[in-house]
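Computed from the coordinates by the stated procedures, all read-outs in this text should not be read as laboratory data. It should be emphasised that the depicted structure is a prediction, and the values quoted were computed from it without experimental measurement. Note that each Cβ is placed from the backbone with ideal geometry, even for glycine, and that neighbours are counted across all protein chains shown.
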Amino acid sequence: MITDCDLDGKRDKRERLGSNVPREGRWITGAQFVGMGQEALKVPAAAELYSKANEILGLAAVEILRARDGGQKIIDSVDVTCGLSLGEYTALAFAGAFSFEDGLKLVKLRGQAMQEAADAAKGAMVSVIGLDSDKVHQLCDAANEGVEEAEKVQIANFLCNGNYAVSGGIKGIEAVEEKAKSFKARMTVRLAANGAFHTRFMNPALSQLESALSATQFKKPRIPVISNVDAEPHADPAAIKKILARQVTSPVQWETTVKNLLSKGLVRSYELGPGKVLAGIVKRIDRTSPVENISAIHNERFFFIANCTSRESNPGLYRGRVLFYH
């Protein structure tokens with residue numbers, strides 16, 4: 001996907017993201033780079049997490065924030081969290097749904113199972129830039145008309161208006177690229193992903209993941225965790241297990257997640273991570289919503305913390321801050 005969601009014509013800065021194996025909750029978008037965690041090693045609590053699992057930086061990033069002036073106050077005020085794709089596991093760990101160690105085991109197995117599924121049925125992903133979701137759906141339908149069932153494509157990541165990732169068979173992806181200009185797309189960018197993630201192509205991964213989730217102890221999260229599958233929070237451990245299994249074969253509903261949070265009182269956001277991917281998405285959806293980037297040197301890990309209006313003045317809305325992982 002493209003790291004810059006601000007596609008107003010004034011900024012055409014863009015970059016391809018890598019597709020390293022699942023690290024730091026970012027398999028699909030792969031925004032890792034060598035040396036990105038060096039700053040975290042200076043914080044003892046973060047260094048301890050590295051010693052337990054140097055491939056996962058999601059919770060180490062929390063320690064970076066905690067060490068900053070006022071960081072603990074921000075963390076204490078978080079009352080809802082969510083993560084993009086693999087980042088949902090980090091969000092669940094932060095919310096206490098399972099232990100850090102169990103989370104690492106699940107992340108490792110999930111990555112292995114999805115890679116096996118990707119190897120069994122070759123697929124690819126492409127970002128379509130400059131179209132709304134309805135047009136991208138139409139583009140996918142047009143591409144699917146000329147390919148076999150096994151090569152068909154669908155939207156896999158609903159990021160923001162003008163930026164949607166399409167996933168499917170290689171021939172289907174090639175058809176999307178060929179037809180995109182006729183649908184007035186600004187451009188397409190083939191992602192460095194080696195599989196058709198968040199589609200039916202991942203069905204072979206389900207049995208392994210379901211077994212692992214079933215064998216893992218889950219608790220009710222201490223704060224709501226919004227699911228990628230339906231953009232809704234879930235509290236029941238059994239329901240969370242089922243929806244996590246579905247996540248690998250379902251489109252990521254990130255655009256709806258952000259819109260729902262905005263409608264429920266989101267007034268200020270904080271982002272931690274390389275670049276400003278999630279901040280760009282929020283700005284693309286609502287340019288008036290303030291977003292502050294919080295990062296270590298060279299940045300490290302995506303998440304947002306957002307101020308929301310209080311429940312007292314808006315019954316049913318989130319209170320305090322929202323934490324987003326990517």
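A few points about this structure:
- Taking Thr199, Thr216, Thr90, Thr288 and counting other C-beta atoms within 10 Å, the order from fewest to most: Thr288, Thr216, Thr199, Thr90
- Calculated P(r) tail over 15 Å for region 119-198, as whole % of Cα pairs: 45
- Summed residue charge, Cβ within 13 Å of Ala118's Cβ, Lys/Arg positive, Asp/Glu negative: +1
- Sorted by Cβ density within 10 Å, fewest first, the residues His234, His137, His198: His137, His234, His198
- By the count of other C-beta atoms within 10 Å, a proxy for reagent exposure, Cys82, Cys140 are ordered fewest to most as Cys140, Cys82.
- Over region 142-189, equivalent-ellipsoid semi-axes from the Cα gyration tensor in Å: 18, 13, 8
- Derived scalar couplings ³J(HN,Hα) [region 209-222; Karplus, 6.51 cos²θ - 1.76 cosθ + 1.60; whole Hz; x for Gly, Pro]: 5, 4, 5, 5, 5, 4, 7, 9, 6, 10, 10, 5, x, 6
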